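Q: Pasting in a structure now, in structure tokens, and then I'll have a few things to ask.
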Amino acid sequence: MARAYKSRKNRCTKDLDALVVRLKESENELANEKARSAKLEERNLELQEENRELKEQTREMTEKITELEERNRELEAQRKRTSQNSSKPPSTDIFVPRKNRRKKSERPVGGQKGHPGSTRELVNPPTETIVHEVTDCPECGASLLNEPVIDSERRQVVEIPPQKVVVIEHQSEHKQCPHCGCHAHGKFPEGVVSSVQYGCALRALMVYLSVFQLIPYDRICVFFSDVFGLSISPATLALALKTCNNNLETYDKLIQKALARASVLHVDETGFHVKKERWWLHVACTPLMTWYGHHKKRGKIATDALNILPSFKGILVHDFWKTYFQYDCLHAICNAHLIRELIGISEDFKQIWCDQMLELILEIKKEVDSARLRSCVLSLNQIVDFEARYAQILKLGNLENPEPEYIRPAGKRGRKKQSKARNLLNRFDEFQNQILAFMYDFSIPFDNNLGERDLRMMKVQQKISGTFRSEEGANYFCRIRGYISTVRKNDKPVLASIHDAFVGKPFIPDVALVDC
């Protein structure tokens, strides 16, 4: 029995030891499981943090992709912009085939039936007549010298004689009075001050070729050598320009005052290079007058210094440059610029409201042009209808281009950049009266093409001759070119008018003489 007890005790001891071992193993497994659980929890937190970072990166990348897509659309649209669908000047156009937007006319090509001809008529009497006699019969060879002329055929050749300069010598006699001994001499004509000098007609031709025909100095010198056999220097040309400029000083002041009191004034500006630096050329003009000025600045500092707009109180026609809105006068916006922008945005971004607004603007112009032949205003019903359609198109534009929701980040200033379509829509909304000014008042033009035309040849001059070497040269060119433009607008001969300026009698339009 004792042996059985001992055996059972040994078995119990072994079982107890085995349980202790198993308990320790369980404790170890539990510790390991807790460690694994802690690691998993730590890993889970790391993955959650990574997930948040990835979501933030995804959001940022999505915004960046959207921004880049919008930027890409803008760059593609910019690449396609020409003078036909934007405000870019024609000089920047690449020579590629353009889409012809003109509607095909039903009339045949060429001169229309009943169109008067413009064949040059025979001059009577001619400067010179050369008679070609018939001396012999072409058939039998008999003499026809003594036969009467039964008919004649006339043909005239318009020609110029060989060109040569005329040298006019002025001699001043010197005499001594036999009574008092006084030494007297004849007076030279006014302006004849040097032993040898060029006359007004010759200097007027120099200015004409330089400022009106835009021929560079060196080529003008070649012209005088080839045509007249006369050798002149660029310094002579510069002196002729200076003299003409000085003689136009009074004229220039009268034109500035006349433009300041005009009822409708066109203004525009463009880049202008002086001494290899970018300056700005400004123009103020009417159908009868043109004035040019240049300045280092483009903004209000420049327009104030040019001394026309500060006192202007009429209607100012321009292309929506914000500086002009700072002047206390009425404003009219160039619709030609707006039409080009509508076309560009319609082509690039497929905006339906742009197509409808373009059709409306052109329809209003057609009605205004037609009404000018009958009366001075549109009917009230027409105006109300056009305004209602204008408002409806703006509503469509707002649906196509909703105002962007934008919360300004801390530390950042300003508002979020808007699309070109949205900016143009805001312009049509805010400046409706200025855009439709031509509809309310027929004295207001539809566009600012008058100002643009007056600037165009100035850009041609820069392309031909490049930059002005001095500010004085730019001053001479601007004043004389403005005088020539005014002369042409009043249907006066350019060369003769330049000659009048040299003799101290420049042409001044009647409108500039009012209140003088």
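Q: Farther than 30 Å from residue 341 by Cα, part of a helix (DSSP H, G or I) and at pLDDT 80 or above: is that true of residue 4 in this structure?
A: No: the conditions fail for residue 4.
Q: I would also like to ask the following. Residue 280 fails exactly one of the following numbered conditions: (1) within 16 Å of the chain's Cα centre (by Cα); (2) buried (at least 19 other Cβ atoms within 10 Å of the Cβ); (3) aromatic (Phe, Trp, Tyr). What is the number of that condition?
A: (2)
Q: Residues 248, 259: which one is touching a Pro at 6+ places or on another chain (Cβ under 6 Å) and at pLDDT 95 or above?
A: 248
Q: Just to be sure, is residue 171 at negative phi, touching a residue at least 40 places away in the same chain (Cβ under 8 Å) and surrounded by fewer than 12 Cβ atoms within 10 Å (Cβ to Cβ)?
A: The answer is no for residue 171.
Q: Here's something else I'd like to know. Residue check, residue 264 against (1) closer than 15 Å to residue 476 by Cβ; (2) surrounded by fewer than 19 Cβ atoms within 10 Å (Cβ to Cβ); (3) among the β-branched types (Val, Ile, Thr), all met but one. Which one?
A: So residue 264 meets the others, but not (1).
Q: Looking only at residues in segment 475-516 that are of a type in the set (Phe, Trp, Tyr) and within 29 Å of the chain's Cα centre (by Cα), which one is surrounded by the most Cβ atoms within 10 Å (Cβ to Cβ)?
A: Checked segment 475-516; the qualifying residue surrounded by the most Cβ atoms within 10 Å (Cβ to Cβ) is 483.
Q: For residue 270, state whether it is under 19 Å from residue 451 (Cβ atoms) and modelled with pLDDT of 95 or more. Let's see the steps before the verdict.
A: Numbers: under 19 Å from residue 451 (Cβ atoms): yes; modelled with pLDDT of 95 or more: no.
It is false that residue 270 is under 19 Å from residue 451 (Cβ atoms) and modelled with pLDDT of 95 or more.
Q: Only one of these conditions is not met by residue 383: (1) under 25 Å from the mean Cα position of the chain (by Cα); (2) of a type in the set (Val, Ile, Thr); (3) modelled with pLDDT under 95. Which number is it?
A: Here residue 383 meets the rest and fails (1).
Q: Could you please find all residues in segment 444-474 being over 22 Å from residue 252 (Cβ atoms) and surrounded by 21 or more Cβ atoms within 10 Å (Cβ to Cβ)?
A: Hit for segment 444-474 is 448, nothing else.
Q: I'd like to check something: does segment 324-337 contain any residue that is touching a residue at least 12 places away in the same chain (Cβ under 8 Å), part of a helix (DSSP H, G or I), touching a strand residue (DSSP E or B) at 6+ places or on another chain (Cβ under 9 Å) and under 21 Å from residue 426 (Cα atoms)?
A: Here is the first cut: in segment 324-337, the residues touching a residue at least 12 places away in the same chain (Cβ under 8 Å) are 324, 326-337.
If we keep only those that are part of a helix (DSSP H, G or I) too, we end up with 324, 326, 335-337.
So of that shortlist, the ones also touching a strand residue (DSSP E or B) at 6+ places or on another chain (Cβ under 9 Å) come out as 324.
Next, only the ones that are under 21 Å from residue 426 (Cα atoms) stay: 324.
Among the residues of segment 324-337, at least one is touching a residue at least 12 places away in the same chain (Cβ under 8 Å), part of a helix (DSSP H, G or I), touching a strand residue (DSSP E or B) at 6+ places or on another chain (Cβ under 9 Å) and under 21 Å from residue 426 (Cα atoms), which makes the answer yes.
Q: Enumerate the pairs (first residue in segment 268-281 and under 14 Å from residue 460 (Cβ atoms); second residue anywhere and small (Gly, Ala, Ser) and at pLDDT below 90) with beta-carbon separation below 8 Å, excluding pairs fewer than 6 apart on the same chain, so at least 6 apart or on different chains.
A: What qualifies is 273/466; 281/271.
Q: Separate question: State the number of residues belonging to segment 272-305 that are over 21 Å from residue 485 (Cα atoms) and among the aliphatic types (A, V, I, L, M).
A: So the count comes out to 4.
Q: Keeping to segment 156-211, report how many residues are closer than 30 Å to residue 475 by Cα and of a type in the set (Asp, Glu).
A: Total meeting the criteria: 1.
The values are calculated or read from the model by the stated rules, or taken from the named source; none is laboratory data. The structure displayed is predicted, hence computed values, not measured ones. Cβ atoms come from the backbone with ideal geometry, glycine included; neighbour counts cover every protein chain shown.
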